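The structure appears right after this line, and notes come after that.
Derivation of every value follows stated rules applied to the coordinates shown; laboratory data play no part. Because the structure is predicted, anything quoted here is derived from the model rather than measured. Note: ideal-geometry Cβ built from the backbone for every residue, glycine included; neighbour counts use all protein chains shown.
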Number of protein chains: 2
Amino acid sequence: MAKESTTIDVGEPSNVTKSSSHIVVDGKKKRSFVVANAGGKRGLAIFDFLLRLAAISATLAASIVMFSAEETLPFFTQFLQFQASYDDLPTFQFFVIAVAIVASYLVLSLPFSIVTIVRPLAVAPRLVLLIFDTLVVTLNTAAAASSAAIVYLAHNGNQNTNWLPICQQFGDFCQIVSSAVVAASIAIVFFLVLIIISAIALKRH
Amino acid sequence: MAKESTTIDVGEPSNVTKSSSHIVVDGKKKRSFVVANAGGKRGLAIFDFLLRLAAISATLAASIVMFSAEETLPFFTQFLQFQASYDDLPTFQFFVIAVAIVASYLVLSLPFSIVTIVRPLAVAPRLVLLIFDTLVVTLNTAAAASSAAIVYLAHNGNQNTNWLPICQQFGDFCQIVSSAVVAASIAIVFFLVLIIISAIALKRH
């Protein structure tokens, strides 16, 4: 009886040591996993921030270029006004306003992006960014696509509806407007990458 | 020594029972959490599936309505053709093709949606759906917005560019085309909800 209990006495501490050391190893593994995970997420968050800066440049450029697009031809008659500016076409007005809203949103989203850099494992700011990015990319796409349709019309006209191309007269204006549409389209690509980054960062949680 | 070892002998089983019961409670809690989580996710997945069906109807309707939009006026002259159809305007052709692609994508996405119902905790199909939904909603928005710009022009014309409204002659055609654009816009709303659902389902993981 005494011998048996002695063997138990010996067995117990060795068991305890084993299991506690096991726990320590587990904790270390978990911790190093969390650290690696946080590191990967921080990398994504920094890329997110840089992409937002690039998208701000693209949308600001698009909006300002479209807003300042203007061309006055060096001749005029009594009845016709040979001047083109963005506010001659409601679609271009929509473009300026919508893309300006997108640029403002991007500036406002920067603090959230910084939060995801500082706290890479925080879920809430990621989710907020993902949802609002999705809503705003729709606005950005609508602005770019509608203006692209009008620019196409201005370049090529349409015989079936008797809409004549105006770019033959206002070549410079068309070129400026087209570059604004291209800048807005580049911003769309940035947004798509931003959304995919947010989705991957949410997944890894 | 013998007494001490006896107390240890008694203490050990009670300790084991305590700790093992503790583990059982923990396991039950974890399990019930996983079950509740899976239940919530399954609810989201079913809503996702139904939304996809609704979006398929909307996009199919939009594409077919636009494709079959046609109006022939009951009079004609030798020089002018008084007929309007979707392929008179390249933007409407783009609309038909783009929205048909969106509808096809939605049909192909149904199996993935079913996978998320059957296995609510699977992350990969969610992520695939989220990323492709985001890409496709951009295409859908581009189609709807560009056609909306042309429909607006057809309704109101533009004095500055001398583009006359064609809806005064082709009223029925304009109405049909407008309804196609509205259907595509409803599909955009469905897509936005789908993306938000996927983001929330990814987050809860």
Checklist outcome for this item: Taking Lys and Arg as +1 and Asp and Glu as -1, residues besides B:Thr161 with C-beta under 14 Å from its C-beta add up to -3
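What is the sum of charges around A:Ser68, taking Lys and Arg as +1, Asp and Glu as -1, for the other residues whose C-beta is under 13 Å from the C-beta of A:Ser68? Could you put the intermediate results ahead of the total?
Working: positive: none; negative: A:Glu70, A:Glu71, A:Asp87, A:Asp172.
With Lys, Arg at +1 and Asp, Glu at -1, the net is -4.
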